[in-house]
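Chemist: Structure incoming, see below.
The values are calculated or read from the model by the stated rules, or taken from the named source; none is laboratory data. Small disclaimer: the values here were computed from a predicted structure and weren't measured. All Cβ positions, even for glycine, are placed from backbone atoms using ideal geometry, and neighbour counts span all protein chains on display.
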């Protein structure tokens with residue numbers, strides 16, 4: 001059983017229920033120990049992969065003698081090798097993640113997702129790391145799978161606080177280059193940056209053959225923009241502020257937001273990114289259960 005404690009972002013009952021599900025990669029992974037995920041290399045597990053011609057030096061125990069009897073030629077049976085998964089959870093710690101309309105901040109929600117995912121991965125024998133970024137990289141914990149390592153991740157999640165501007169694009173570009181083996185990368189962010197450079201770094205991650213999942217976290221108030229009186233809007237990550245009547249700009253705001261959300265969703269679909277828009281008043285257990293179940297079925301979010 002993986003390490004777990006009673007911190008505010010952990011719920012033992014949720015962990016117990018979700019532990020019945022496996023977090024699966026969408027493609028072959030490279031690992032160092034036997035696990036539950038298909039490897040990019042061939043091995044000798046129970047699932048048949050393909051035939052190849054015999055070459056001198058091959059172990060004859062893998063010759064398919066039934067095929068030889070029919071063709072008078074030697075063919076070797078190859079199987080999918082199972083491996084462990086390496087995952088890096090990328091947590092946005094910029095100031096905009098501190099937005100809270102009354103039911104908890106986006107950052108607190110993201111922290112619950114990160115802690116639960118880390119626990120589940122270690123619980124199933126996989127390696128998990130944590131990268132916290134804002135206007136730079138604040139913490140970069142490489143993937144490991146021990147209970148003491150999980151405690152280190154929980155300690156970091158307890159200590160980190162949101163602040164500063166976001167350097168999400170450069171952070172993901174750098175991470176894509178640094179990860180040497182195929183891995184699962186899970187991004188938890190409100191994605192407040194321009195779409196073209198954001199999709200460019202996502203494409204970079206996919207080009208490097210990493211499995212990328214993005215949880216796009218939004219507050220219900222950001223979506224509805226249902227303010228009913230003049231209000232001062234303040235840029236959490238900058239110095240700009242303005243007082244306006246929301247009814248005047250509501251239509252334009254919603255139009256631009258819809259354009260942004262649709263563009264990001266379609267771009268992620270084009271590059272094979274597992275994109276998940278999450279409203280932070282949604283039960284996070286249901287969000288994670290849907291994520292796990294869909295991945296067990298080998299699908300993408302719609």
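Chemist: From the list 143, 147, exactly one residue is surrounded by fewer than 18 Cβ atoms within 10 Å (Cβ to Cβ), under 25 Å from residue 84 (Cβ atoms) and touching a residue at least 24 places away in the same chain (Cβ under 8 Å). Which is it?
Modeler: Going through 143, 147 in turn, just one is surrounded by fewer than 18 Cβ atoms within 10 Å (Cβ to Cβ), under 25 Å from residue 84 (Cβ atoms) and touching a residue at least 24 places away in the same chain (Cβ under 8 Å): 147.
Chemist: What number of residues within region 245-285 satisfy the criterion of being closer than 30 Å to residue 115 by Cβ and free of Cβ contacts under 8 Å to residues at least 60 places away in the same chain? Lay out the reasoning, then the answer.
Modeler: To start, the set of residues in region 245-285 that are closer than 30 Å to residue 115 by Cβ comprises 257, 260-261, 264-265, 267-269, 271-285.
Restricting the remaining residues to those that are free of Cβ contacts under 8 Å to residues at least 60 places away in the same chain gives 257, 261, 265, 269, 282-283.
Adding up the residues that qualify gives 6.
Chemist: A follow-up question, please. State yes or no: is residue 186 modelled with pLDDT of 95 or more, within 20 Å of residue 213 (Cβ to Cβ) and assigned by TED's automatic domain parsing to the domain that holds residue 115?
Modeler: yes
Chemist: Being at pLDDT below 80, farther than 28 Å from residue 22 by Cα and assigned by TED's automatic domain parsing to the domain that holds residue 22 is the requirement here; does residue 136 meet it? Step through it out loud before you land on a result.
Modeler: Numbers: at pLDDT below 80: yes; farther than 28 Å from residue 22 by Cα: yes; assigned by TED's automatic domain parsing to the domain that holds residue 22: yes.
Spelling it out, residue 136 is indeed at pLDDT below 80, farther than 28 Å from residue 22 by Cα and assigned by TED's automatic domain parsing to the domain that holds residue 22.
Chemist: I'd like to verify a number: residues in region 161-170 that are within 16 Å of residue 107 (Cβ to Cβ) and surrounded by 18 or more Cβ atoms within 10 Å (Cβ to Cβ), how many?
Modeler: At the first step, the residues of region 161-170 found to be within 16 Å of residue 107 (Cβ to Cβ) are 161-166, 168.
Within this subset, residues satisfying the condition of being surrounded by 18 or more Cβ atoms within 10 Å (Cβ to Cβ) are 162, 166, 168.
Looking only at that region, the number is 3.
Chemist: Then there is this: Please count how many residues of region 81-116 are part of a helix (DSSP H, G or I) and under 17 Å from residue 127 (Cβ atoms). It would help to see each step written out before you state the result.
Modeler: Quick first cut of region 81-116, residues part of a helix (DSSP H, G or I) only: 95-98, 106-116.
When the remaining residues are screened for being under 17 Å from residue 127 (Cβ atoms), the result is 114-116.
Count: 3.
Chemist: Turning to a different aspect of this structure: Quick one: is residue 175 farther than 21 Å from residue 96 by Cβ, touching a strand residue (DSSP E or B) at 6+ places or on another chain (Cβ under 8 Å) and touching a residue at least 24 places away in the same chain (Cβ under 8 Å)? Even if it seems obvious, please write down each step before you answer.
Modeler: Working: farther than 21 Å from residue 96 by Cβ: no; touching a strand residue (DSSP E or B) at 6+ places or on another chain (Cβ under 8 Å): yes; touching a residue at least 24 places away in the same chain (Cβ under 8 Å): yes.
No, not satisfied.
Chemist: So which residues in region 240-276 are under 18 Å from residue 89 (Cα atoms) and out of contact with any helix residue (DSSP H, G or I) (no Cβ under 7 Å at 6 or more places or on another chain)?
Modeler: Within region 240-276, 274 is the sole residue that qualifies.
Chemist: Look through 88, 116 and report the one residue that is touching a helix residue (DSSP H, G or I) at 6+ places or on another chain (Cβ under 8 Å), at pLDDT 95 or above, crowded, with 18+ Cβ neighbours inside 10 Å and farther than 16 Å from residue 9 by Cβ.
Modeler: Details: 116 fails: farther than 16 Å from residue 9 by Cβ.
Going through 88, 116 in turn, the sole match is 88.
Chemist: Being assigned to a strand (DSSP E or B), touching a helix residue (DSSP H, G or I) at 6+ places or on another chain (Cβ under 6 Å) and within 20 Å of residue 23 (Cβ to Cβ): is that true of residue 157 here? Spell out how you get there, then give the answer.
Modeler: On the way: assigned to a strand (DSSP E or B): no; touching a helix residue (DSSP H, G or I) at 6+ places or on another chain (Cβ under 6 Å): yes; within 20 Å of residue 23 (Cβ to Cβ): yes.
When the stated conditions are applied, residue 157 does not pass them.
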